[in-house]
Amino acid sequence: MSRAKSSKVPHQISSERIAEIYLTFFTQHGHQRIAGAPLAIPETATSFIIAGMQPLLPYFRGAVVPLARRLTGWQRCLRTDDVEMVGSNASKMSAFYMLGNWSIGDYGRHEAISLAVGLLAELGIDQESLWVTTFGGDTELDLPPDEETRLEWLRAGVSDQRLVALGAEDNFWTTGGPGPCGRDSELFVDQGEESGCGQPTCRPGCDCGRFLEIWNLVFIEFEQDADGILTPLPFMSVDTGMGLERIAMVLQQAPSVFETDLFTPALVQLEELISALEGPLPSGRGVGQIRSGQQSRRMIVDHVRSSLLLLLEGIVPGHDGRGSALRRLIRRAATRGQLLGISSPFLSRLLVPLADAHGALITEAERRRLPEAVEMVRAEEQRFARVLRAGLRDLDRAALDADTVVPGEWLFQLQAERGFPADLAAEVLGDRGMQIEWPSFFAADLRHREVSRVKRGEVSEQ
């Protein structure tokens, strides 16, 4: 089966237009459009908003009455816990736009699925390319298979052969801890056999890249406590999330989210910078293969886009909290640039193309902050430049001197004395097939912390 193609929406459709089609569809079906929350809300348990429904949690609990029982909107999200995996496949990003429609105690499975089928038809998604997963039951949660959802999909016209029942790990949605939760149903687009593993059993749930998840319908029915115990909520709600970049990848027939219209201008600018390079690549084991490294390119445009969204919301690079997360994104992108052979600060040159590509997804008020954001990135990259060059030279020597394992204590000294972040160093060495002997790193870090406490007078006399 070939990649899904649109029969109603033109190939050139922009991500901005896709978002507008989504929101218009649901407002026409009785949903009140709401504005997205800021990426960084002080009272949230996580540093940033990591899911589209996160700002709506009080509604699902019945603690706050919403503006309407049917809502729709888009939400910026940012996940930094596994940024080293960004670009490892066609869809792994750090920041993303999540389109959502929500029912707060209004409709249930039947209407949620009917609306989903209607919106996909509006977008021109070929239903023959659609696969769906449902909750297959879980003894630990004491929950049976979600037969009601399976029957609703059959009534909606999805073949039983393209309905896959999976366990709680795949089809029971939680916030990652205590909070509202429930069984879910995920929608996938079959990108064709050429994108898969070739196994006859390949289907959603397989680790290969054939099936791209585009939408998740979550039926919020329970509150999960710290011990994992489920308690029924006062009413059932529906939370859905469609990744804008992923549906754009399908509709624009792009090989990855990084080659959709939101990223392409920055990627083109990056390629021009790399093409203009003269002279040999940096020295060091394995570095010669990095200039053609697809993941490095993807990481750069991803991290710069994430940095842009944070800067436009008023977050600034710093040593602690959200500021440190922003600084880490900028430094990771700068490191990848150096490994591609770009020796001068360049990240700030990607910000304006990214902002222009986002159109109305970036507000006019945010756009007025763009010049300041450009200067902040330029200054941050320049501050890091000397540390980066010296650190990479040290890593070159370590890669040449070591066999396959680099002492963790040496890595700690590189961070403590040279200022080169250990996680970046480990990533660079990992690209060259090296491993880190982590126990001595953590032991050196612990000794350093104890010495610092003594110097600050925090150790009491016994």
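Please verify whether F384 is in a loop (DSSP other than H, G, I, E, B), of a type in the set (F, W, Y) and in the same structural domain as E272 (by TED's automatic domain parsing), treating the condition exactly as stated.
Numbers: in a loop (DSSP other than H, G, I, E, B): no; of a type in the set (F, W, Y): yes; in the same structural domain as E272 (by TED's automatic domain parsing): yes.
Judged against the criteria, F384 is not a match.
Could you grab me the full set of residues in region 86-104 that are touching a helix residue (DSSP H, G or I) at 6+ places or on another chain (Cβ under 9 Å) and either of a type in the set (G, A, S) or farther than 23 Å from L119 by Cβ (or both)?
Across region 86-104, the qualifying residues are V86, G87, S88, A90, S91, K92, S94, A95, G100, S103.
Residues of region 395-414 being assigned to a helix (DSSP H, G or I) and at pLDDT below 90, which ones?
Result: L395, D396, R397, A398, A399, L400, D401.
Give L71, L56, L67 a once-over and let me know the one that is out of contact with any helix residue (DSSP H, G or I) (no Cβ under 7 Å at 6 or more places or on another chain), in a helix (DSSP H, G or I) and more than 23 Å from D261 (Cα to Cα).
Among L71, L56, L67, only L56 is out of contact with any helix residue (DSSP H, G or I) (no Cβ under 7 Å at 6 or more places or on another chain), in a helix (DSSP H, G or I) and more than 23 Å from D261 (Cα to Cα).
Residue by residue through region 230-251, note down the ones that are over 21 Å from F26 (Cα atoms) and crowded, with 23+ Cβ neighbours inside 10 Å.
Passing the criteria: only M249.
Considering only region 300-326, state which residues are in a helix (DSSP H, G or I) and at pLDDT below 95.
Narrowing region 300-326 to residues in a helix (DSSP H, G or I): 300-312, 321-326.
Across region 300-326, the qualifying residues are G321, R322, G323, S324, A325.
With the condition kept exactly as written, say whether any residue in region 423-433 is under 30 Å from P38 (Cα atoms), under 23 Å from the mean Cα position of the chain (by Cα) and either buried (at least 17 other Cβ atoms within 10 Å of the Cβ) or acidic (D, E) (or both).
yes
Pick out the one residue from D445, D356, D423 that is acidic (D, E), in a helix (DSSP H, G or I), at pLDDT 95 or above and not assigned by TED's automatic domain parsing to the domain that holds V83.
D356
With (1) within 19 Å of D302 (Cβ to Cβ); (2) part of a helix (DSSP H, G or I) as the list, and E375 as the residue in question, which single condition is left unmet?
Of the numbered conditions (1) within 19 Å of D302 (Cβ to Cβ); (2) part of a helix (DSSP H, G or I), the odd one out for E375 is (1).
Looking at R61, R109, R76, which is the one that is in contact with a Leu (Cβ under 9 Å, 6 or more places away or on another chain), closer than 28 Å to I300 by Cα and among the charged types (D, E, K, R)?
Being in contact with a Leu (Cβ under 9 Å, 6 or more places away or on another chain), closer than 28 Å to I300 by Cα and among the charged types (D, E, K, R) holds for just one of R61, R109, R76, which is R76.
So in region 377-420, with the set limited to residues that are touching a residue at least 60 places away in the same chain (Cβ under 8 Å) and buried (at least 20 other Cβ atoms within 10 Å of the Cβ), which one is nearest to L310 (Cα to Cα)?
So, considering only residues that are touching a residue at least 60 places away in the same chain (Cβ under 8 Å) and buried (at least 20 other Cβ atoms within 10 Å of the Cβ), the one nearest to L310 (Cα to Cα) is V377.
So, in region 87-110, exactly how many residues are modelled with pLDDT of 95 or more, of a type in the set (A, V, I, L, M, F, W, C) and outside any strand (DSSP E or B)?
2
Just to check your reading of the model, which residue among V387, V406 is among the β-branched types (V, I, T) and touching a Gly at 6+ places or on another chain (Cβ under 8 Å)? Walk me through how you get there before you give the answer.
Details: V406 fails: touching a Gly at 6+ places or on another chain (Cβ under 8 Å).
Every option except V387 fails the conditions.
Every residue, every condition in (1) of a type in the set (S, T, Y); (2) in contact with a Gly (Cβ under 6 Å, 6 or more places away or on another chain); (3) crowded, with 17+ Cβ neighbours inside 10 Å; (4) in contact (Cβ under 8 Å) with a residue 24 or more places away in the chain, yes or no:
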position	(1), (2), (3), (4)
V132	no, no, yes, yes
T139	yes, no, no, no
L154	no, no, no, no
S159	yes, no, no, no
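Could you check region 202-242 and list, in sequence order, the residues that are assigned to a loop (DSSP other than H, G, I, E, B), touching a residue at least 40 places away in the same chain (Cβ under 8 Å) and not small (G, A, S)?
R203, D225
Considering region 253-272 alone, what residues qualify as being crowded, with 23+ Cβ neighbours inside 10 Å and in contact with an Asp or Glu (Cβ under 9 Å, 6 or more places away or on another chain)?
V257, F258, T260, L262, F263
Output the number of residues of region 124-141 satisfying the condition of being part of a strand (DSSP E or B) and among the hydroxyl-bearing types (S, T, Y).
2
The values are calculated or read from the model by the stated rules, or taken from the named source; none is laboratory data. As the structure is a prediction and not an experimental result, all values here were calculated from the model. Neighbour counts run over all protein chains shown; Cβ positions are idealised from the backbone, glycine included.
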